[in-house]
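Written below as C-alpha cells is the structure these notes are about.
Values in this text are rule-based calculations from the coordinates and carry no lab data. Quick caveat, the model's predicted, so the values are computed rather than measured. Positions of Cβ are generated from backbone atoms using ideal geometry, with glycine treated the same way; all protein chains shown enter the neighbour counts.
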Protein chains: 2
Amino acid sequence: MFHTTDQRFMQEALRLAVLAAEQGEVPVGAVVVWQNHIIGKGYNQTVMLNDPTAHAEMIAITAATQHLGARYLNECTLYVTLEPCPMCAGACYWAMLGRVVYAASDEKNGFSRLQVSASNIFHPKTIVHQGLFASEAAALLKQFFQKLRS
Amino acid sequence: MFHTTDQRFMQEALRLAVLAAEQGEVPVGAVVVWQNHIIGKGYNQTVMLNDPTAHAEMIAITAATQHLGARYLNECTLYVTLEPCPMCAGACYWAMLGRVVYAASDEKNGFSRLQVSASNIFHPKTIVHQGLFASEAAALLKQFFQKLRS
C-alpha cells in the first residue's frame, strides 16, 4: 500500500507538523505532491492567522492549485499527518485529489465522525490510504496537548 | 422563523451572488452579520482565484474572523444564497457559527448529499434555517447555467 516515496513525503508533512507545534499550533502538517515533487505545503495556522479555516490541508491545496494554475489536483497526492476533518475532506472533493494519505486517525474531529465513508465525502475517484507513520503523528499531538495542560 | 433583518441581509447575499455571475462565477453570495452589522462578505471566486476552496462562505467567514479578531463566530449569523457544501458546513463548525440561514437547496453538492443532519455537520449549537428567498437564489443559478450552455 505504501512506497518509499510515500514515507519520504509523509516525513516532510511530519516536519511541518513539528513546525506548527513550535509556533503553538496544534501539530498537523500537509504536503501536495505532483510528479514526485512537492508543489504545496501547509501546517495548521488557525491561531496565528486567527482563521478557523487555516488547516494544513487547506493551505497546501490552495498552494498546489496556485502552483499548477489549475483548480483540480486529480494527478496529485495529499499527505497529511491527521485524518482530514469534514471541511478539509470537502476541499479534497472540490480539488478532486487523486490520492489522499493520512497518518493518525481523529475520532473526535476527523471526517469519520460523520459516519460517512471516505468515498462519500472525498471525490469517489480519490484513493484514500491511512496509517502511514500514524504513531509518530499521534505522538506529536499527544505531546503537544500534554505540554499545553502542564 | 425569518425577520425583516433576515430579509435585508439575504438580499445583500443575493446582490453578491449577482456580482459573482457578472464575473463568470457560479452565483453564490454570503454575508456574516454581528450585532446587526455585516462584518464579512464573500462571493464564489473559484475560477477567478483558481482556488477550489474560494467559496462564498469561506471568504465571508475568514473576513468576519479578521474583523472580530476572534476565531469564533458564535454570536454571528451567516446568510448564504445556497445550501453550504460539506467543506463550508465544516468551516461553520470550526467557527461555531451562532446561526446559518441559507436560501436555495443544493441536492447535488450541499451538505445534505452526505445524508447527515445539519446538527451533525454544523456545530450542535448552530441554529440552521433554510428557504429564505430560495426561489430568487435558485433562479440566479438556473439563469447562469442556461446562459453557460447557450
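Here are some notes:
- Its DSSP H runs of at least 4 residues, each contributing -39,500 (n - 2.57), put the calculated 222 nm mean residue ellipticity of chain B at -13000 deg cm²/dmol, to the nearest 500.
- Segment B:71-139 shape via C-alpha gyration tensor axes, a/c threshold 1.5: oblate
- Mean projected area in nm² (Cα convex hull; one quarter of hull surface) for segment B:111-150: 3.8
- Cα centroid separation, segment A:58-110 to segment B:33-107 (Å): 20
- Where the alpha-carbon atoms of the protein assembly as shown are placed on the principal axes, they occupy 56, 51, 30 Å, in descending order.
- Relative to the 2.2 N^0.38 Å rule of thumb, segment B:52-111 has a C-alpha radius of gyration ratio of 1.05.
- Zone residues, segment A:17-51, relative to A:Glu75, backbone N less than 14 Å from point 7 Å out along Cα-to-Cβ: A:33-39
- In the protein assembly as shown, lysine pairs with alpha-carbon atoms under 30 angstrom apart (chain gap of 8 or more, or interchain): 22
- The H on the amide N of A:Glu75, modeled in the peptide plane, is under 5 Å from the matching H of A:Gly98, each at least 5 residues off or on a different chain.
- For A:Thr4 and A:Lys108, a Förster radius of 35 Å and the Cβ-Cβ distance give a FRET efficiency of 0.65, rounded to the nearest 0.05.
- Between B:Ala138 and B:His67, the FRET efficiency from the beta-carbon distance, with R0 = 41 Å, is close to 0.85.
- Comment: the Cα-to-Cβ extended label point of A:Thr5, at 7 Å, lies 5.5 nm from its counterparts in the other copies, nearest first.
- Ordering A:Thr46, A:Gln23, A:Leu73 by Cα displacement along the dipole of segment A:9-100 toward the positive end leaves A:Leu73 in first place; charges were set at the Cβ atoms of Lys, Arg (+1) and Asp, Glu (-1).
- Each of A:Lys41, A:Lys125 was scored by other Cβ atoms within 10 Å of its Cβ. Listed from fewest to most, they are A:Lys125, A:Lys41.
- Dipole-positive endmost among B:Ala95, B:Ile127, B:Phe144 within segment B:77-150 (Cβ charges, Cα centre): B:Phe144
- DSSP bridge orientation in segment A:1-142 - percent antiparallel, rounded to nearest 5: 55
- Computed over segment A:77-150: relative contact order in percent, which uses C-alpha pairs under 8 Å that are six or more apart: 36
- The DSSP beta bridges internal to the protein assembly as shown are antiparallel in roughly 55% of cases.
- Calculated on C-alpha atoms, the gyration radius of segment B:5-145 divided by its Kirkwood radius gives an Rg/Rh of 0.93.
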